[in-house]
Amino acid sequence: MTTLFDIEGQRTTVARRIHRVVQHRSGISGIEAMTLFTNHSFPRHSHDHIGIGIMTFGAQRSWSIIGQVESEAGDVIMVNPGEIHDGMPVGNTARGWRILYLDPTLVAREIAEETTGGELIVCPVARDPQLAEQVTRLFTQVENVGRDGLALEESLVCCLMRVLHRHGVRGPRTACSAPSVSKAIRRLDTAPEIPTSLAELAALSGVSRFQLLRGFARDVGTTPHAYLVQRRVRLVRRLLAAGRSPVDAALLAGFADQSYMTRAFVRQFGITPGRYKAAIA
């Protein structure tokens, strides 16, 4: 904390920025691992992967598929692919977590024997000591993938089975957006790299620009522009994983320049594109 004095001589404190992120080398196709310790507030965004992690320090407040939730040290935190969420520290103090991002295709394959179809939808927070132990063990094994493949496979299956049976919902995700908003989302999801305008989206959706803005904020929790930026950032992440350079990824995803992309990438994922690419190479 830094102590400052205003023009009237009153003492105020300003929180010092704390932000440490490690993108681990997992060596396993379809699984990424990150460790974070930060007092950074992440804006509303989404991921292509299923996230399963554990809070290791402090507490966090976040928006989720079921509204606002809080998690604290020891809690398991989870997020669905495409789920809009954010994250901020409780009390402006740093919090820490370790999280695995799993490719939905990998998850579907691993749970296929236990399901009759449909996607796995996870809850945002689980106070489940057994699952927390399983997630911790799986994270450690992902970091040391070459040591015991059978143990890692067992941990992954056990972790997913507990999520499936205790903290997941099978079946198609229920659409909650108005038809007009759904049309705009479909356009942004299909081609985020192609520029658009509010007027174009409104015309496509059959409503006025103001009606689209109001409906988008209500149903998605953010604006069309903010949604487009985070879709482009997700595209950049996929392009980097496929071997593209940050410069190429920025252009292919529709960003005007690399610096703009880098700022958006850091806001969403907490790590620079260069560090992310180096860690997964």
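The values are calculated or read from the model by the stated rules, or taken from the named source; none is laboratory data. Every value quoted in this text rests on a predicted model; they were computed, and no experiment measured them. Because the Cβ atoms are built from the backbone with ideal geometry, glycine has one as well, and the counts that use them run over all protein chains shown. With ligands, DNA and RNA removed, areas are computed over all heavy atoms of the protein, side chains included. Shrake-Rupley method; radii C 1.70, N 1.55, O 1.52, S 1.80 Å.
Tally up the residues in region 213-227 that are within 16 Å of THR190 (Cα to Cα) and surrounded by 20 or more Cβ atoms within 10 Å (Cβ to Cβ), please.
2
Scan region 228-256 for residues that are closer than 14 Å to GLU193 by Cβ and either open to solvent by 60 Å² or more (accessible area, probe 1.4 Å) or part of a helix (DSSP H, G or I) (or both) and report the count.
Residues that pass the stated criteria total 19.
Say we look at region 195-207 and pick out the residues that are open to solvent by less than 50 Å² (accessible area, probe 1.4 Å) and without any contact (Cβ under 8 Å) to a residue 24 or more places away in the chain; which of these is farthest from the chain's Cα centre (by Cα)?
ALA202
Please go through (1) surrounded by 13 or more Cβ atoms within 10 Å (Cβ to Cβ); (2) over 29 Å from ALA217 (Cα atoms); (3) among the hydroxyl-bearing types (Ser, Thr, Tyr); (4) at pLDDT 90 or above for THR105 and return the number of the only condition it doesn't satisfy.
Evaluating THR105 over (1) surrounded by 13 or more Cβ atoms within 10 Å (Cβ to Cβ); (2) over 29 Å from ALA217 (Cα atoms); (3) among the hydroxyl-bearing types (Ser, Thr, Tyr); (4) at pLDDT 90 or above leaves (1) as the failure.
Of the residues that sit in region 19-53 and are among the β-branched types (Val, Ile, Thr), in a strand (DSSP E or B) and open to solvent by 20 Å² or more (accessible area, probe 1.4 Å), which one is modelled with the lowest pLDDT?
Restricting to residues being among the β-branched types (Val, Ile, Thr), in a strand (DSSP E or B) and open to solvent by 20 Å² or more (accessible area, probe 1.4 Å), the top hit is VAL22.
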